[in-house]
Amino acid sequence: MSDYAFNRQASYDYAFLETYEAGLVLSGQEVKSVRGGHISLQGVFVVIKGEEAWLLNATIAPYQAGNVPADYSPTRSRKLLLHKNEIRSLIGSTKQTGLTLVPIRVYNKSGKIKLEFALGRGKRTIDKRDIIGKRESDRRIRRAVRGKIE
């Protein structure tokens, strides 16, 4: 499996409770563009409308500048392919206060373009500071250990 796009900011802003995998409904030129790595997950989110899941604000650049259809929109909404029971569980989960669906990465699995997203709870600023402080202290400890060994 190769990653085409990864949302690094998501793990900083959200605590992931449960992850899901969904197929993406794309046109032919969008598939080629995604495989070329021309997709951005900045500011992207997943919503449930009715009995369907949608990926909003994902930017997929046109594959070839000369062959782009006149009505092509790089940030159009794209349908996600999930089982009905998964969608129903997501509907119930997202009704809870503070839970949202956060895209994590787009990747290739057996020739298909897949989206991994998570049910996440937003982190508070103090939680983020604690994580940064812990990371910094771990880094200092590793440097000190490395300095004594060498």
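Read-outs throughout are calculated quantities, based only on the coordinates presented, and are distinct from any laboratory measurement. Values in this document were obtained by computation on a predicted structure and should not be read as measured data. Here the Cβ is made from the backbone with ideal geometry for all residues, glycine too, and neighbour counts use every protein chain on show.
What to note about this one:
- Failed item, numbered, when Arg35 is tested on (1) closer than 27 Å to Leu119 by Cβ; (2) in contact (Cβ under 8 Å) with a residue 24 or more places away in the chain; (3) basic (Lys, Arg): (1)
- Scanning segment 106-116 for residues that are in contact with a helix residue (DSSP H, G or I) (Cβ under 9 Å, 6 or more places away or on another chain) and either farther than 20 Å from Gly36 by Cβ or outside any strand (DSSP E or B) (or both) gives no hits.
- Filtered residue count, segment 66-105, keeping only those that are among the small types (Gly, Ala, Ser), farther than 20 Å from His38 by Cβ and part of a loop (DSSP other than H, G, I, E, B): 1
- Failed item, numbered, when Glu18 is tested on (1) in a loop (DSSP other than H, G, I, E, B); (2) out of contact with any Lys or Arg (no Cβ under 7 Å at 6 or more places or on another chain): (1)
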